[in-house]
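Here the structure is laid out as structure tokens; the discussion comes afterwards.
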């Protein structure tokens, strides 16, 4: 199940690598910690575990193991101390020897659950639109009040499921869980469908019809609903129930239908258990994360419906844009001098690099050192014919099963898994000098974007920006006397920005809650 390595690292702005690092957090608050100003960037990258060597090469090329926030090198002082990288999860134990042999570093193991909670707490407080709901294929971002964050329930779905009640910073308790989780889906799916990977199994589910295997309420009552107790005809009465009475072998069933039936069975079960625990502790906020979700639209829809169904609409499932990085962020924050606790949401700006629409956060090849290398990468990437990772549109809401969703008619009408594309995460720029405008009536609810690209204005503005792109490039190239280098950079910009537009046109929520102001800043 744990097939991805998540890496979170910090880099300082070039202009900060001078005497500025000697400045300290100051201000009127005498309780502020005396740590260096963290003016820089927080990066989120991922590697497949099978490509561990690429991860090690990446760390080595960027010298990340020698320039962490605790490193004496940061202060310009040599050190004979052993170099330590914070790590969490099973890989921290499994690959410790390889890191020591290749990089000469020790992996300092951080508590997995503690890191998970620390990462979630930071992201929910620091990023304005980190949380979102997902119902009927629609993402809606949720503004979390920092003063009303706790308590909440975090449901982490990996191989199994852990349900954690979070009461505050460093205050949490595992209150429940189940052994029926992502490992169950992957294990049974592998046996029943012969799929070779977890993503392949998820892809199959998008083309499935679970009513071919699941016994629905309508199957029991002659196609009718059981309205007296509030059960629609499409409600699942028994997962895989139809296979009992049919004289069929495994080979007679489509792998796609098996995968979807499994996905619904496990997701509904997790959703119900989560709701019961929220009910037990009187909690309204339930956040879901973990490898099993991976931004997969059907999975999120199914969990959301289960929570809504069992709570009778009183609770809702919420998901996190950075859910795959919770543990890595928490491990990073275990560094003694990270300074992130001193930052607030208005001091963090998320920006998306030129290659974001193509790679979705995964690393392809060695790290890029300068603009020329980035442009060369863009040219090669496009020339190879790599498709832009924009998802295709989802079918209208409605599939057989508990949620009453319509069965997908064809692969082309399905929202692809966000595991490969949809919810990209950018680079967090940390700017401690940014302050809230003092005359705002309520900074917590202030929304600077007056035009929300998730509504009717989207197509208009995308058309305007696309039509004006050639003129913009011509003017930019002319401003540098039309040199070959300027033309090359202009072409790379046009390709990158066009890719961003295509990505956002297909999935407006791909980069979070994105308004026109954000899009114009992205262009700049």
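What to note about this one:
- Among residues that are farther than 30 Å from residue 340 by Cα and part of a helix (DSSP H, G or I), residue 517 is not included.
- Selection status of residue 108, part of a strand (DSSP E or B) and either without any contact (Cβ under 8 Å) to a residue 24 or more places away in the chain or over 21 Å from the mean Cα position of the chain (by Cα) (or both): yes
- Entry remark, the range 73-94: residues being part of a helix (DSSP H, G or I), modelled with pLDDT under 85 and surrounded by 12 or more Cβ atoms within 10 Å (Cβ to Cβ) number 2 in total.
- Scanning the range 184-218 for residues being assigned to a helix (DSSP H, G or I), touching a helix residue (DSSP H, G or I) at 6+ places or on another chain (Cβ under 7 Å) and buried (at least 18 other Cβ atoms within 10 Å of the Cβ) gives a total of 11.
- Filter pass, residue 60 being in contact with a helix residue (DSSP H, G or I) (Cβ under 9 Å, 6 or more places away or on another chain), at pLDDT 80 or above, in a strand (DSSP E or B) and over 27 Å from residue 127 (Cβ atoms): no
- Members of the range 170-182 that are crowded, with 19+ Cβ neighbours inside 10 Å and within 18 Å of residue 90 (Cα to Cα): 181, 182
For every residue, the table says whether it meets (1) modelled with pLDDT under 75; (2) under 30 Å from residue 282 (Cβ atoms); (3) within 15 Å of the chain's Cα centre (by Cα).
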| residue | (1), (2), (3) |
| --- | --- |
| 310 | no, yes, no |
| 318 | no, yes, yes |
| 323 | no, yes, yes |
| 344 | yes, yes, no |
| 350 | no, no, yes |
| 386 | yes, no, no |
| 397 | yes, no, no |
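- The numbered conditions (1) closer than 30 Å to residue 289 by Cα; (2) in contact with a helix residue (DSSP H, G or I) (Cβ under 7 Å, 6 or more places away or on another chain); (3) modelled with pLDDT of 55 or more are all true for residue 103 except (1).
- Qualifying residue in the range 480-497 (condition: surrounded by fewer than 18 Cβ atoms within 10 Å (Cβ to Cβ), modelled with pLDDT under 85 and assigned to a helix (DSSP H, G or I)): no
- Restricting attention to the range 224-242 and to residues that are part of a loop (DSSP other than H, G, I, E, B) and either out of contact with any strand residue (DSSP E or B) (no Cβ under 9 Å at 6 or more places or on another chain) or closer than 20 Å to residue 269 by Cβ (or both), the residue that is modelled with the lowest pLDDT turns out to be 230.
- So residue 127, is it touching a helix residue (DSSP H, G or I) at 6+ places or on another chain (Cβ under 8 Å) and under 19 Å from residue 283 (Cβ atoms): no
- Only one of 472, 504 that is buried (at least 16 other Cβ atoms within 10 Å of the Cβ) and not in a loop (DSSP other than H, G, I, E, B): 504
- The range 461-476 residues that are farther than 20 Å from residue 518 by Cβ, paired with ones that are in a helix (DSSP H, G or I) and at pLDDT below 90 (beta carbon under 6 Å, 6 or more apart): 473/490; 473/494; 476/490
- Residue within the range 445-462 that is in a loop (DSSP other than H, G, I, E, B) and modelled with pLDDT of 80 or more present: no
- Any chance residue 332 is out of contact with any helix residue (DSSP H, G or I) (no Cβ under 6 Å at 6 or more places or on another chain), at pLDDT 90 or above and within 30 Å of residue 431 (Cβ to Cβ): yes
The values are calculated or read from the model by the stated rules, or taken from the named source; none is laboratory data. Since the model is a prediction, treat every value here as computed from it, not as a measurement. All Cβ positions, even for glycine, are placed from backbone atoms using ideal geometry, and neighbour counts span all protein chains on display.
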